[in-house]
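The structure appears right after this line, and notes come after that.
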There are 2 protein chains.
Amino acid sequence: MTSATSRPDTAAAQAPADPPVEARRPGRPRDPQADAAILQATVEVLCEHGFGAFTVDAVAAHAGVGKATIYRRWPSREALVLDAAATLVPQPDVPDTGSVRDDLIALMSGSFEDAASANKQQLMAAVTAEAVVNPEMKRLLRDYTQRRRDGSAVVVRRAIERGELPADTDPDFLLDLIAGPLFYRVQISGRPIGDEVVADVVDVVLRGLAH
Amino acid sequence: MTSATSRPDTAAAQAPADPPVEARRPGRPRDPQADAAILQATVEVLCEHGFGAFTVDAVAAHAGVGKATIYRRWPSREALVLDAAATLVPQPDVPDTGSVRDDLIALMSGSFEDAASANKQQLMAAVTAEAVVNPEMKRLLRDYTQRRRDGSAVVVRRAIERGELPADTDPDFLLDLIAGPLFYRVQISGRPIGDEVVADVVDVVLRGLAH
DNA sequence: GAGTATCGAAACTCAACCGTTTCAGAAGTG
DNA sequence: CACTTCTGAAACGGTTGAGTTTCGATACTC
């Protein structure tokens, strides 16, 4: 299953390696800006109304595009949503500042600084809820968290080597302890997240885990 | 707005205090079991398919009940969902064990021990997502979290008086630090929550907050 | 120029679902 | 008994939205 995430129509048929110039087929070429506009409109609509009230017509209106233009690129509403969600997944690179504290703050700031906006908050909640029902969405969410988990593992390993953390520190548990409060604050408490909050959480957890 | 959460039909009109015997009106009385069956079916359907695929027909089928029976009790699908969600909100009483550690463990166990079941997890995610869009649902969620917040405040105050926590401990921050990881674990990591996990989180946070 | 594939807009088909109504019975009142 | 209100089942009306098709126009290749 190559999944709905790929857009097979765009691929240049199965012609064997032609000159890299794309403009082969006759007819009006696809508007390259439309793809981006549709994806962005999808995100906007998703943010504003959640999954429940999400409609393809709304996306078309938002993007200033005909529905046919959307369905020529994505086979279904479902595929469109998945693709749009995928574009939102940031690629957190693992920081290496020399101290656990700064590493963790950097790791978390990248994940939550923009998540504090009302729109992203809405979207995160919607995706989380959808993931329980929709296996594809679950996979997407798992991939994302796995990447952050990997980052945490690297940071913790380096910290142990520097002697900043006990040798038996569980990176997954550490991630729960730090990402949890931030996530909870955004989702449930509904309070904003500033840099000082991230730092406070990291400080408490690191102090609690020491020794 | 007395809100959709009350079911006005059941209330005995506006007759001034009659003998408490209910059986006044002629005609077949309402099946008292139907109410519970409908609410439970609502929860089941909500758990299985989330808000998106939730239909009144499905509830009727699940409860073995006609749709008319549902609509005679609740004015709309929306009101039914809210009432069903309200029945799920536990009433956490504030523990007083004599130690912060045990108080916090008790407070959290009551909130998360059954939340670990796949069904409750699904429902919690769905309600969280819906709350961002639906004001009534947001109010319900806020009430629930506020109650837990109040509990946290009491526990923290007593702990400060006993000298177990610094005098400037912020109860809301403490709640974020403890409930957050548990919530995150259920929602995102998808890993189960046992008593030992709750205790571990509490221990780390208390140690981190001391001094 | 002829031919082809795209564009936005609008109309269409079809299915799902909300909420209402109808119906034949059942369970209470007097 | 007559009368009233509830029951589950089924059908109905109305709306909404997914996905398709049609349309005149546009942009490209040959």
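A few notes on this one:
- Candidates B:PRO90, B:PRO75, B:PRO95 - the one that is under 19 Å from B:GLN187 (Cα atoms) and either in a loop (DSSP other than H, G, I, E, B) or assigned by TED's automatic domain parsing to the domain that holds B:ALA60 (or both): B:PRO90
- You will find that of B:ILE193, B:ILE178, the residue that is open to solvent by 20 Å² or more (accessible area, probe 1.4 Å) and more than 7 Å from chain A (Cβ to nearest Cβ) is B:ILE193 and no other.
- Residue in the stretch A:13-28 that is modelled with pLDDT of 80 or more and either within 30 Å of B:GLU130 (Cα to Cα) or of a type in the set (A, V, I, L, M) (or both) present: no
- Meets criteria (surrounded by 14 or more Cβ atoms within 10 Å (Cβ to Cβ) and either in a loop (DSSP other than H, G, I, E, B) or within 13 Å of another protein chain (Cβ to nearest Cβ) (or both)) for A:GLY151: no
- Matching option when the condition is over 24 Å from A:LYS138 (Cα atoms) and within 16 Å of DNA strand C (Cβ to nearest atom), among B:ALA106, B:ALA86, B:ALA79: B:ALA79
- One residue from A:LEU206, A:LEU165 being in a loop (DSSP other than H, G, I, E, B) and of a type in the set (A, V, I, L, M): A:LEU165
- Filter result for the condition that a residue is in contact (Cβ under 8 Å) with a residue 24 or more places away in the chain and more than 10 Å from chain B (Cβ to nearest Cβ), over A:GLU161, A:GLU136: A:GLU136
- All of (1) at the interface with chain A (Cβ under 7 Å from one of its Cβ atoms); (2) surrounded by fewer than 21 Cβ atoms within 10 Å (Cβ to Cβ); (3) closer than 19 Å to A:VAL198 by Cβ hold for B:ASP170 with one exception: (1).
- Test: residue in the stretch A:181-195 that is within 30 Å of B:GLU48 (Cβ to Cβ) and of a type in the set (Asp, Glu): no
- The single residue among A:ALA131, A:ALA84, A:ALA60, A:ALA79 that is touching a Leu at 6+ places or on another chain (Cβ under 6 Å), away from chain B (no Cβ under 14 Å) and closer than 29 Å to B:HIS49 by Cβ turns out to be A:ALA84.
- When restricted to residues that are near DNA strand C (Cβ under 9 Å from one of its atoms), open to solvent by 60 Å² or more (accessible area, probe 1.4 Å) and either part of a helix (DSSP H, G or I) or within 12 Å of chain B (Cβ to nearest Cβ) (or both), the stretch A:27-57 contains 3.
The values are calculated or read from the model by the stated rules, or taken from the named source; none is laboratory data. Quick caveat, the model's predicted, so the values are computed rather than measured. We place every Cβ from the backbone using ideal geometry, glycine too, and count neighbours over all the protein chains shown. The protein model used for the area step is the full one, side chains on, heavy atoms only, and it has no ligands, DNA or RNA in it. Shrake-Rupley method; radii C 1.70, N 1.55, O 1.52, S 1.80 Å.
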